[in-house]
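Everything below concerns the one structure shown next.
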Amino acid sequence: MSQAESQHKFATRAIHAGQKPDPSTGAIMTPVYMTSTFVQKSPGVIIEEYDYSRSSNPTRKALEANLASLEGGRSGFAFSSGLAAMDCVMHLLSAGDHIILGDDVYGGTFRLVDKVYKQLGVTATRVDFTDHAALQAAFTPKTRLVWGETPTNPMLRLCDIAAVAKIAKAKGAMFAVDNTFATPYLQNPLALGADIVHHSSTKYIGGHSDVIGGVLVTSDEQIAAKLKFFQNSVGSVPGPMDCFMLLRSTKTLHVRMERHCANAMKVAEFLAGHKAVQSVAYPGLKSHPEHALASKQMRGFGGMVTATLKGGMNESRRFLERVHLFSLAESLGGVESLIEHPAIMTHASIPAENRAALGITDGLVRLSVGIEDVDDLIRDLEHALA
Ligand code: P1T
């Protein structure tokens, strides 16, 4: 990115960073380079920088540059899923190393650590990142990586990124933040001291529930070189069409997020005032335990709302079957509203006792508030709760 480009504000970078009109035709959109390989002039003498699309592809390169710019980092890497992106970070570890994992994370994130890397000899400790004494105490001489989400999935708790980054740095461990729920529009972990930022681009970055993808961004050159090596060596890269679709989506990320935030705030306020609802977690509500931190660390409170209904499984099942505009489905971050039951759906891989300790009960429902008319969304919830 040129110096002039790096000074552009978010909305301008969202639309332009990493992209320029195609020099051979003038096409304003970065072409979908549907090619597996690139011809060479002579053995080892390549025409531009490309020799094989697993290593690099022009459409993917544009996406990686765009996302690096949005996160304020030097290097971006795109993957075929959010978990593939996390897997690339896990390759930075060796057998015998230790990772500190946030206690509230996506079920698949926990499964990758607990079921895949544990059998390869990487040990893990789960910690509540709001408890800095517990975090300090969890480090061992073998701790290489601290991995957490903020806001977390599904309880929407926040961690103080700058404070945790300082603790990790003092202990010589890398700190990776899963920024999926916040998006680069609302929060930039690298600027607060994190070493790696991760996204499931399946969510808000894609924004239309039509692509599975993952992203890593870092400004650390040594980490970047290793991520590049593992991205190419393992090969879980996205195809050019998926990269094109994600590039098209980032152009509207800022506009979508404004509406997600505004709608989610109204939905959270509505639920908090409803007699069938026991409690609501939304970082924008004054009742949220990290509301002050959210106001400082984020530029908006996001589109996710989690609510605990009065009653138990019967009440939440009935509610989830009665909504119409909110679709009952896993995933989040699309323009359309989704709703789900974490204990049965997205967080089934988390052991029941851990779920209970976090508050992931039978009455807990998670809403991904879309960008439909918020009055219609609230009417839908009102009807389903009645
Ligand atoms: O599904 P995938 O693109 O591989 O991303 C995994 C992932 C990583 N991190 C967070 C915070 C996530 O929410 C996810 C995926 N989450 C869901 C599918 C879900 O419904 O919560």
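The values are calculated or read from the model by the stated rules, or taken from the named source; none is laboratory data. Just so we're clear, the structure is a prediction, and the values are computed from it rather than from any experiment. Glycine also receives a Cβ, built like all others from the backbone with ideal geometry; neighbour counts cover every protein chain displayed. What goes into the accessible areas is simple: the full protein's heavy atoms, side chains included, and nothing from ligands, DNA or RNA. Shrake-Rupley method; radii C 1.70, N 1.55, O 1.52, S 1.80 Å.
Below is a table of values for the structure above.
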read-out: Residue match in segment 131-141 (condition: touching a residue at least 24 places away in the same chain (Cβ under 8 Å), of a type outside the set (Gly, Ala, Ser) and within 16 Å of the ligand (Cβ to nearest atom)); value: no
read-out: Residue list for segment 154-180, restricted to those being within 10 Å of the ligand (Cβ to nearest atom) and either closer than 19 Å to GLU71 by Cβ or modelled with pLDDT under 95 (or both); value: ASP178, ASN179, THR180
read-out: Those residues of segment 315-355 which are acidic (Asp, Glu) and more than 13 Å from the ligand (Cβ to nearest atom), in sequence order; value: GLU315, GLU321, GLU336, GLU353
read-out: Cβ-Cβ under 9 Å pairs, at least 6 apart or on other chains, segment 31-46 side without any contact (Cβ under 8 Å) to a residue 24 or more places away in the chain, far side of a type outside the set (A, V, I, L, M) and open to solvent by 70 Å² or more (accessible area, probe 1.4 Å); value: SER36/TYR52; SER36/ARG54; THR37/TYR52; PHE38/GLU48; PHE38/TYR52; ILE46/GLN40
read-out: Filtered residue count, segment 318-345, keeping only those that are surrounded by 16 or more Cβ atoms within 10 Å (Cβ to Cβ) and in a helix (DSSP H, G or I); value: 2
read-out: Matching option when the condition is buried (at least 23 other Cβ atoms within 10 Å of the Cβ), assigned to a loop (DSSP other than H, G, I, E, B), within 16 Å of the ligand (Cβ to nearest atom) and modelled with pLDDT of 95 or more, among PRO184, PRO151; value: PRO151
read-out: Qualifying residues in segment 190-232 (those that are hydroxyl-bearing (Ser, Thr, Tyr) and open to solvent by 40 Å² or more (accessible area, probe 1.4 Å)) - the one nearest to the ligand (Cβ to nearest atom); value: SER209
read-out: Whichever residue in segment 286-306 is among the hydrophobic types (A, V, I, L, M, F, W, C) and assigned to a helix (DSSP H, G or I) and, among such residues, is farthest from ARG13 (Cα to Cα); value: ALA292
read-out: Hits in segment 96-128 - residues which are among the aliphatic types (A, V, I, L, M), closer than 26 Å to ILE344 by Cβ and in a loop (DSSP other than H, G, I, E, B); value: VAL105
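Per-residue answers, yes or no, for (1) touching a Gly at 6+ places or on another chain (Cβ under 6 Å); (2) assigned by TED's automatic domain parsing to the domain that holds LEU158; (3) surrounded by 22 or more Cβ atoms within 10 Å (Cβ to Cβ); (4) polar (S, T, N, Q):
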position	(1), (2), (3), (4)
ALA272	no, no, no, no
PRO283	no, no, yes, no
LYS286	no, no, no, no
PRO289	no, no, no, no
ARG299	no, no, no, no
GLY302	no, no, yes, no
ALA307	no, no, yes, no
ASN314	no, no, no, yes
